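Below is one structure, written out as structure tokens, with a few remarks after it.
No value in this document is a laboratory result; all are computed from the given coordinates. Since we're looking at a predicted model, the values are computed, not measured. Counting neighbours? That spans all protein chains shown, and the Cβs are built from the backbone with ideal geometry, glycine included.
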Amino acid sequence: MRQVVLDTETTGLDPKQGHRIIEVAAIELNGRKVSERMFHRYLNPERDIDEGAAAVHGLTLDRLQDEPKFAEIAPALLEFIGDAQLIIHNAPFDMGFLNAELKLAGLPPLDNPVLDTLKFAKELHPGKKNNLNALCDRYFIDNSHRTLHGALLDTELLAEVYLGMTRGQGSLLGEESAEEDSVQLGATGETILMSVRVLPANEEELAQHEAQLADIKKASKGACVWKNLAGAEA
């Protein structure tokens with residue numbers, strides 16, 4: 001399934017109170033890599049921006065006066081999204097705003113499958129901070145340039161965070177693999193291939209292993225399970 005990482009910035013916290021989207025960004029994931037395909041627009045909200053929101057993203061109404069309105073960019077945004085699974089951090093917030101804007105534009109709401117990375121992160125790391133900055137630190141993603149929130153920057157960071165959260169043992173054992181195991185992640189319902197590298201023991205390590213088993217057999221008076229199994233298989 002095609003996947004698109006998406007984020008918005010808004011004039012406030014609640015579309016039911018008339019707040020609007022002022023920035024929207026989406027980045028396509030191509031397999032397990034961030035694609036070069038992206039969508040990004042600043043928007044004129046046609047209303048004031050709450051002081052608290054402006055402090056978070058730094059955008060002002062003066063800055064946005066000459067930008068298009070959401071209804072003008074909605075067709076291009078919907079075309080980019082298509083039927084992709086949307087990957088969003090705190091998805092109810094962004095989906096609420098997107099569907100409110102689509103309704104104002106006379107368009108139907110989104111019915112795409114959605115993966116909420118905040119919910120996923122809470123299941124993976126219960127009791128820990130799971131905001132985007134905390135997840136960047138946890139997965140060793142450089143976010144030093146994130147002095148303010150921004151939809152484009154945050155989608156880029158979230159894409160890397162998502163890949164980190166779903167990489168499993170592949171991040172520890174490297175990208176190339178001798179075998180691949182299909183693993184079902186119950187938290188997302190998504191099947192992900194994890195890379196597993198098989199490293200056979202060398203002759204010296206095998207000899208050390210046999211010596212260790214011999215010591216165990218002697219100490220246990222012949223009750224070494226591994227030796228008995230090896231003998232049975234032979």
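Quick look at the numbers
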{"quantity": "Residue-span extension gain [THR147 to LYS128] - 0.36 nm each, minus C-alpha spacing", "calculated": "4.6 nm"}
{"quantity": "Values of log10 I(q)/I(0), in the order q = 0.10, 0.11, 0.19 Å⁻¹, for segment 1-155 under a Debye, Cα-only, solvent-free model", "calculated": "-0.35, -0.43, -1.32"}
{"quantity": "Order of THR10, THR117, THR147 under a 10 Å beta carbon neighbour criterion, fewest first", "calculated": "THR147, THR117, THR10"}
{"quantity": "14 Å beta-carbon shell around ALA54, net charge (K/R +1, D/E -1)", "calculated": "-3"}
{"quantity": "Label-point gap, in nm, between ARG167 and ASP48 - each point 7 angstrom along Cα→Cβ", "calculated": "4.6"}
{"quantity": "Label zone at ASP137, where the point sits 7 Å out along the Cα-to-Cβ direction: segment 108-129 residues whose backbone N lies under 11 Å", "calculated": "129"}
{"quantity": "Cβ-based exposure ranking for SER220, SER35, in which fewest neighbours within 10 Å come first", "calculated": "SER220, SER35"}
{"quantity": "Under 19 Å from the Cα of LYS16 - lysines, other chains or at least 8 residues apart", "calculated": "LYS69, LYS103"}
{"quantity": "Of SER144, ALA54, LEU102, farthest towards positive along the dipole that unit charges on Lys, Arg, Asp, Glu beta carbons give segment 40-146", "calculated": "SER144"}
{"quantity": "Förster radius 35 Å - calculated FRET efficiency between ASN30 and ALA105 (Cβ-Cβ, nearest 0.05)", "calculated": "0.75"}
{"quantity": "In segment 78-175, GluC sites (Glu not before Pro) in a DSSP loop with at most 16 other beta-carbon atoms within 10 Å", "calculated": "GLU175"}
{"quantity": "LEU29 long-range amide H proximity, modeled H, under 5 Å", "calculated": "GLN3, VAL4, VAL5, SER35"}
